[in-house]
Amino acid sequence: MEAEQLLSGLRQSALDRIAAAASLDDLEPLRVEVLGRNGALAGVSKDFKKLTPEDRARIGKLLNEVKQAVESAFEARKAGFETAALNARLDAEWLDLTLPASGVRPGALHPVTRIQREIEELFVSLGFTVLDGPEVETEVNNFDALNIPPTHPARDMQDTFWLEGGNLLRTHTSPVQVRGMRKLGPPLRMIAPGRVFRNEEVDASHEHTFYQLEGMMIDRDVSVTNLIYFMKTLLSSIFKREVTVRLRPGYFPFVEPGFELDIQCLICGGPGCPVCKHSGWVELLPCGLVHPNVLQMSGIDPKEWNGFAFGLGLTRLAMMRYQIDDIRQLQGGDLRFLNQFTA
Amino acid sequence: MKFSYQWISSLVDGLGNVVEPRELMRLITMKTAECEGLEEAGALLANATPAEVLVVEPIEGSHNRKAVVRTIAYGEKTVVCGAANCRVGLWTMYAPIGIKKISGVESDGMLASGRELGINRDHEGILELSKPELGLQPDWVIEVDNKSLTHRPDLWGHYGMAREVSAITGKPLRDPVDMALLPAASAEPVKRVAIGDFTLCPRYSGLVFENVTVQPSPLWLQYRLEAAGLNPINNIVDVTNYVLAELAQPMHAFDADKLRGDTIFVRNAGNGEKIVALNKEEYELDDTNLVIADAGGAIAIAGVIGGDESAIGDGTTRIVLESACFNATSVRKTAAKIKNRTDASMRFEKSQDPENTVRGLARAVALLQEVSPGIRLVGGLIDSYQPLPKVAPIVLSTEWVQRKLGHPVAAAEIKRILEALQFGVSNGEQPGEFIVEVPSWRATKDISLREDLVEEIGRMIGYGEMTPTAPLVPSVVPPANPTREFHHHLRDLVAAQGYTEAYNYSFLSDETIAEFGLAAQQPIRVLNPIASDQAYLRTSLVPRIVNNIRENRKHFETFRLFEIGHEIHRNTEGLPTETPHLAAAFFAKDGDGSAGLFELKRLASCIVPGIEVRPCDALPYEHPARAAELFADGTRVGRLFELHPSMVEAGRAAILDLDLAAAETLSHGRKIQYKPLRRFPTSAFDLSVVTGERTLVGEIEAGLRAYATANVTAIEFQRQYSGPPLAAGQKSVSYRITVGAADRTLSSAEVSAVRDAIIEGMRSRGYELRV
Ligand SMILES: [Zn+2]
C-alpha cells in the first residue's frame, strides 16, 4: 500500500509541477527529476524486488500508468510551450509587404517595338518569315526593282534623302521584298518591319523617320480574295476585335491591281466622327497583287507565280493603339513619355 | 483635282436625278479614285433671284447706300449696299439672307457680288446681269486626291471622270465634242509647225481664228471654271481653261498678230535663253527645256506656261490656239526647274493622249462661237503628229481573271465592264477569251498588261462583293531569323533590368561630329538634308544617347535607357556596312559613378557571358580614367565608360556600347557542355595579394589562373582592402581558391602543393602574398 501511495503522490506532484511550469526551461529539469534514469519513478522500480509477485504485477502496472500519464502531460506541456514560442516569433516577424519592392523597376519597350512584335508573332504563326534589310539602299532596290523607273512621277511622291555615293535612305520597306524574292525565291511568305525615311518637315503628324511593316506572299495562285482574307485576319488580331474593311482602288507602281484598305472607324463605328473626318472609314494600308514586272526583275517567273504585298504603317498603328497625338514623341527619347509603356 | 457635280451630270445622261453628290463621291472613291471632300458651291444661288435696282439713296455718315429693288421672286425689297456699281436700272442678284441693321438702316437681304454667289472671284461690285435671268443653281464640288490620279491622264478632266461614272452607274456617256466643227481636211493651214524632236512633242495641233472679241465670259462658263478651281480671266483664256478642265487637254492662245513669221517651232531652249511668262516672271532656260518659238524667239515654255509678249489682251482680234501633247518627263522636269507647276504641266506630267489634241480644238471651236460671237476660223487644221507606238491588244481569259480575283465573274460581265470603259473587246480563239484593245487615253502608260485589266474588272465589280478566302497553300515552319530573335531577346533582357527603350534618329549634325570627334570615321553625308541635324548618318549611337541623357536629366535624378539601332559605316564601294549596336546609359545625379559602371558591366555580362573588361585609352567624350574595351573570347564587342564630366552637367553617366553583330556571333558559338557532378569533396583556402593601389584586379586574377593547376576548380574574388595596417598606396585583394579532383579526395599534401605553386608563381611576378 505504501508503494501505491507513493506513486499516486508522485503522479500528483509531477502533474502539478508540469502544469505550473512557466517555460520550457522549467520543464526539462522536471523531466530529469521524475522520468530520468535516476529519477523518482526509476527509484520506485528499484524497490520492486522487495515486493511479492502479486504486488509486483499490480505495482508494475500502476507504475507504467503513472509514467505514461506524466510523460504525456510533459509532452503536451512542451508542445504548448513550443507552439506559443513559434507564435510569438511569427507575430514578432510582422512585415509590411506594401513597402516598395527593392531593386530596379523594369524599364519599358518602345511602343513601336511592342506593336511590331505583336504583328511579327502573328505572321510567324501564319507561316511568314521575318526579313531584315539595310536602312541605306541602292536606287535600284528602292525604286527601279519596284517598277518605279527614274521618269516615274512616283519618285516625286517620295521625298528621298539622297546620300553621297548615289545611295539613299530607303523610303519604304518594300526593297526588302526585292531582297526576299532574290534570296529565298518562291514560294515565299515574308514580312519586313523597319525604319524608313522621307525628306519631310517634321510636325505633330509628320516625321522624316518612321516605321513600316512590309508583307508579301508569293505562291502559285494567290488572289485578291486571299489578300482580303489576310488583311482581315491581320487587322482583327491587331485591334483584338472583328473589323470591317473595305478595299478601293489605289495606285502604287509595284502592285497591279493596287488597293487602299480602309477600316471602319473604330471610334464611331461608321456614322462619322472627327477621327475619321466624318467618313466612317480610316485609311490604313496600301496593298495589291505584286506587279509582274516586280516579280520578273527579282528573277521570279510571273507566269508561274503571283502574290500579294502590303505595307503597314507601324508608327501610325502605334499612334492609334496608344492614342499618341504627337508623332515627334516617338523619336524624342523623353522618358516621361517612354516610361508609360512599361510591360 | 476638283470636279463639279453639275459638269459631270451634264456629260452623263440622267445622272443628276438619280445619284446624289455624296453617293457619287462614294462611288468614285470605291471604284476609281480617292475623294477627299465634298463642298457646296454657290450656296446663295439656291434662294437668290434677279432684281432690278429702282432707287438708290445715300445714307448720311456712311459710304453705304440704301437701294430699293424689284425682285422677281420676292417683290420689292429695301437693302443697304456698299457697291459702287449699284445704280438705278441695273439688273443684279438679290439674296434673301434676313433682316440686318446696317449703317442705321434695316437691310432686308442683300445684293450679291460674283464672289459671294460663287460664280467668279469678283468682289469689286455687285453682279451685273445682261438680262433679268441667271439660271445657275448651287453645285457640289468633289475634291479628288491628286495622288490617286497619278496614273490616269484621262481623269484630269471632267469628261474622263464622266466616263468612269457612266461605267459605274450604267448611264450613257455624252461626248461634248463635235468633230464636224473642225475645218475641212482639204483646207490649207495658215501656220506651219516644225517639231524638232517628236519624242518631246509627239503632236502639235492648232487653229487660227479672226474677228475675235476679248470680253468677260458668260456667267455660266465662269461658274463652271470657278467650281473647278480655275480663275476666270477673259473669254479666250477661259475657253482654253474650260477645255483643260473638261477634256484634260491643256491649250494655249497666242495673239496671232504678235507672232513673227508663219512657222511655229517646237525646239529645245538655248542655254541661257530667257522668256518673260504670263505671270510676268522672267525665266532663264537651258537646253533640257522645251519651248514654243516663232521666228523671233521663245513664245512659251512648252506645256508649262505661255509667254507674256504674245498673250491675249483686250485689243486681240486674231488668235492662234495651240493644242499639243508634250513628253511627261520633259514637262515635269521643266516645271520643277522653274518652280512653277501649272494646271497644264500637272496634266502633261501624267502622259497625255496625243489623240486628244484635235478633240480639244473641236470643243474649243464650239465654245468660242458661243463666247465670242462672230469669230471665224482661218485656214485649215494645223497638225504635226508622229503617233506613239501602239499598245498591242491584250489577250484576256475569263478563267485567268477569276483566278486572279479569287471571285467568280462571268465572261459577259468582263465584256460589259471593259466596254463600259470604252475598251475594244472582241472574242478570242478560246471560249471565254477576249482580245482587248486599249483606248488611246489609257494607253500612254497606264494599261499594257492583262494584270492592268484585272484592276479594271475588279474595281468595277467592287471588292466589297468578293468573299475573303484563305489561300490553299502548304503549311510550313517559316525560316528563323536568329538576328532578330537575338535583338528581341536583348530588348526584353535589358528592359527587365530597368532600362527603357528609346528610338533616336539615324542622323548627326556637323556640330555633333565635331563635339564627339567622329570626323575620322568619315560619316556618310546626306546630300539634301532639310535641317542641319540631318547632315550625316550616324557612325555611333552614343551622341544621340548623350542627348537623351542631357534632356532627361532635367526631369529625373536617376534613370536608365537604351537603344538598339544601326551604326552606318562608309565602304569604298557598294552599300555601307550597317552594324547593329546596343547603347545603354545609366545616369545618377549623386554618387561617385562606380555604381552605374558596374551595373552596366553586369548587364554586359548578362548579354555576353564571360565578357572581359580591358581599360583602354579614352575617346574624347569619355572619362579618361574610366574607359574600357569589352572582349569576349578574344573578340572586341564594345566599350564601357563614364561620360566625360564636361559632357554632362550635375551628375554622372555611365554608358555601355555593344556591337551586337559580334555579340550575336559569340552567343551562337557558345556551346554548353555538361560536366558530371563531383563525387569527392573539395577543399578551399584563402590567399591575399598585396600590391599597389592601381594594380588591376583583373591582372591579379589572370596571374592566379596562370599558376593554378588542373585541380583548381574555382578562384573567387572575396574583397579588396586598403588602409592600416597596409602602407599608403597599397591594397590587399583576397581570393578563395577551391581545389578538388574528379576521381578521389585530394590529400592535404596535394592541396598544399597547389597552394605553394600559386604563391611561388605570384611572388615571382612581384606580388606580396599574405596567407
Ligand atoms: Zn469615326
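What is the mean projected area of the alpha carbon convex hull for region B:263-380, to one decimal in square nanometres? Numbers along the way, then the final one.
Values: hull surface 31.3 nm².
It is 7.8 nm².
So how long is each side of region B:420-536 along the principal axes, counting just the alpha-carbon atoms, biggest first, in Å?
Rounded to whole Å, the extents work out to 72, 41, 25 Å.
May I ask you to evaluate 6.51 cos²θ - 1.76 cosθ + 1.60, the Karplus curve with θ = phi - 60°, for each residue of region A:259-273 and list the ³J(HN,Hα) values in order in whole Hz, giving x for glycine and proline?
Whole-Hz 3J(HN,Hα) from phi for region A:259-273: 9, 9, 9, 10, 10, 5, 3, 7, 7, 9, x, x, x, x, 7.
I'd like the accessible area for B:L619: 1.4 Å probe, protein heavy atoms, all chains in place, Å² to the nearest 10.
70 Å²
What do you reckon, how do B:V331, B:V276 stack up by accessible area (1.4 Å probe), largest on top?
On the way: B:V331 5, B:V276 60 Å².
Most to least solvent-accessible, the answer reads B:V276, B:V331.
Let me know the mean shielding of B:404-411 by other chains, meaning the per-residue number of their Cβ atoms within 10 Å of its Cβ.
3
Averaged across the residues of B:385-392, what count of C-beta atoms belonging to other chains lies within 10 Å of each residue's C-beta?
Per-residue shielding by partner chains comes out at 0.
If one takes the longest principal axis of the Cα atoms in chain A, at what angle in degrees, from 0 to 90 and to the nearest 10, does the Cα axis of helix A:224-239 lie?
40 degrees
Expressed as an acute angle from 0 to 90° and rounded to the nearest 10, what is the orientation of the C-alpha long axis of helix B:411-420 relative to the principal long axis of chain B?
The answer is roughly 60 degrees.
Given the options A:M216, A:P186, A:T244, identify the residue whose Cα lies farthest towards the positive end of the charge dipole of region A:177-245 (+1 on Cβ of Lys, Arg; -1 on Cβ of Asp, Glu).
A:P186
Simple spin-label model, 7 Å along Cα-to-Cβ: A:K240 to B:T213 in nm?
For A:K240 paired with B:T213, the spin-label model returns 7.4 nm.
Mind checking the angle between helix B:21-31 and chain B's longest principal axis? C-alpha axes, 0 to 90 degrees, to the nearest 10.
50 degrees
Amide H of B:L769: which non-local residues (sequence gap of 5 or more, or other chain) have their own amide H closer than 5 Å, using H built in the peptide plane?
HN-HN under 5 Å from B:L769: B:V690.
In cubic angstrom, how much convex hull volume per residue do the alpha carbon atoms of region B:77-178 span? Let's see the in-between values first.
Numbers: hull volume 19.4 nm³, N = 102.
Cα convex hull per residue, to the nearest whole number: 191 Å³.
How many nm is it between the label spots at B:V68 and A:F48, if each spot is 7 Å from the Cα in line with the beta carbon?
Modelled inter-label distance: 14.9 nm.
Let me check I have the definition right: for region B:507-576, take the eigenvalues of the Cα gyration tensor, multiply each by 5, take square roots. What are those semi-axes in whole Å, largest first?
For region B:507-576, the ellipsoid semi-axes come out as 25, 14, 10 Å.
Can you pull the percent of region A:111-341's accessible area that's carbon plus sulfur, 1.4 Å probe, other chains left in place?
The C+S portion of the solvent-accessible surface of region A:111-341 is 49 percent.
According to the Cα gyration tensor, what semi-axes, each the square root of 5 times an eigenvalue, does the equivalent ellipsoid of region A:111-341 have, listed from largest to smallest in whole Å? Please list the in-between numbers first.
Numbers: eigenvalues 145, 101, 58 Å².
After diagonalising the Cα gyration tensor, the semi-axes are 27, 22, 17 Å.
Can you sort A:E54, B:E701 by solvent-accessible area, 1.4 Å probe, largest first? Can you show the working numbers first?
On the way: A:E54 130, B:E701 50 Å².
In descending accessible area the options line up as A:E54, B:E701.
Points 7 angstrom from Cα along the Cβ direction at B:R736 and B:E551: gap in nanometres?
4.8 nm
How large a share of the accessible area of chain B, in percent, is made up of carbon and sulfur atoms when the probe is 1.4 Å and the other protein chains stay in place?
Within chain B, the accessible surface is 49 percent carbon and sulfur.
Mind checking the dipole of the protein assembly as shown: about its Cα centre, +1 per Lys or Arg Cβ, -1 per Asp or Glu Cβ, Debye to the nearest 20?
My answer is approximately 3140 debye.
Just need log10 I(q)/I(0) for region B:715-771 at q = 0.14, 0.18 Å⁻¹, Debye formula, equal scatterers on the alpha-carbon atoms, no solvent, rounded to two decimals.
Summing over Cα pairs of region B:715-771 leads to -0.51, -0.75.
Using only the Cα atoms, what convex hull volume per residue in Å³ does the protein assembly as shown have?
350 Å³
Suppose we keep just the DSSP beta bridges with both residues in the protein assembly as shown; what percent of those would be antiparallel, to 5?
95 percent
Using a 1.4 angstrom probe on the protein heavy atoms only, line up B:Y536, B:Y74 by accessible area, largest first.
B:Y74, B:Y536
If you wrap chain B's Cα atoms in a convex hull and average its projection over all directions, what's the area in nm²?
On the way: hull surface 221.3 nm².
With the hull built on Cα positions only, its mean projection is 55.3 nm².
Can you list the HN-Hα couplings for region B:344-358, worked out from phi with the Karplus curve (6.51, -1.76, 1.60; θ = phi - 60°), rounded to whole Hz and with x for Gly and Pro?
These are the phi-based 3J(HN,Hα) values: 6, 5, 4, 6, 4, 4, 8, 6, 6, 7, x, 5, 7, 5, 6 Hz.
What percent of all Cα-Cα pairs in region B:150-196 falls in each 5 Å bin, counting up from 0?
Pair shares across the bins are 5, 15, 15, 14, 13, 14, 13, 8, 4.
Once amide H atoms are placed 1.01 Å from N in the peptide plane, what residues at a sequence separation of 5 or more from A:L266, or on another chain, have their amide H within under 5 Å of its amide H?
Residues meeting the criterion, in which the H sits 1.01 Å from N, do not exist here.
If you build the Cα gyration tensor of region A:2-92 and take the root of 5 times each eigenvalue, what three semi-axes come out, in whole angstrom, biggest first?
Largest first, region A:2-92 gives 32, 11, 10 Å.
If you wrap a convex hull around the C-alpha atoms of region B:326-435 and split its volume per residue, what is the figure in Å³? Walk me through the intermediate numbers first.
Working: hull volume 22.5 nm³, N = 110.
Roughly 205 Å³ of hull volume per residue.
Taking a probe of 1.4 Å and counting only protein heavy atoms, give the total accessible area buried between chains B and A in Å², rounded to the nearest 100.
7000 Å²
If the viscosity is 1.306 mPa s and the temperature 10 °C, what translational diffusion coefficient in µm²/s does Stokes-Einstein give for region B:604-644 when Rh comes from Kirkwood over Cα pairs?
My calculation gives 154 µm²/s for D.
Quick check for you: with a 1.4 Å probe and neighbouring chains kept, what is the accessible area per residue of the protein assembly as shown, in Å²?
In whole numbers, the protein assembly as shown has 45 Å² accessible per residue.
Could you run the Debye sum over the Cα atoms of region B:643-771, one equal point scatterer each and no solvent, and tell me log10 of I(q)/I(0) at q = 0.20, 0.22 Å⁻¹, two decimals?
Here log10 of I(q) over I(0) equals -1.08, -1.16.
Using only C-alpha atoms and all pairs of different ones, pull out the Kirkwood radius for region A:1-50 in Å with one decimal.
Result for region A:1-50 stands at 11.5 Å.
Ignore the peptide's own chain and count Cβ atoms of other chains within 10 Å of each Cβ in B:477-490; give me the average, rounded.
Shielding by partners across B:477-490 averages 4.
Give, in nm to one decimal, the length gained when the segment between B:A514 and B:R705 is fully stretched (0.36 nm per residue of separation minus the Cα-Cα distance).
Extra length available between B:A514 and B:R705 comes to 64.4 nm.
Determine how large the accessible area of B:D175 is when every protein chain is in place; take a 1.4 Å probe and give Å² rounded to the nearest 10.
Surface open to solvent at B:D175 totals about 60 Å².
Dimensions of region A:45-153 along principal axes (Cα, Å, largest first)?
131, 36, 19
Report B:L200's accessible area, 1.4 Å probe, all protein chains in place, as a number in Å² to the nearest 10.
40 Å²
The values are calculated or read from the model by the stated rules, or taken from the named source; none is laboratory data. Nothing here was measured: the structure is a model prediction, and the numbers come from that model. Methodologically, a virtual Cβ is constructed for each residue, glycine included, from the backbone with ideal geometry; neighbour enumeration extends over all protein chains shown. Side chains are part of the model used for accessible areas, which takes the heavy atoms of the whole protein and leaves out ligands, DNA and RNA. Shrake-Rupley method; radii C 1.70, N 1.55, O 1.52, S 1.80 Å.
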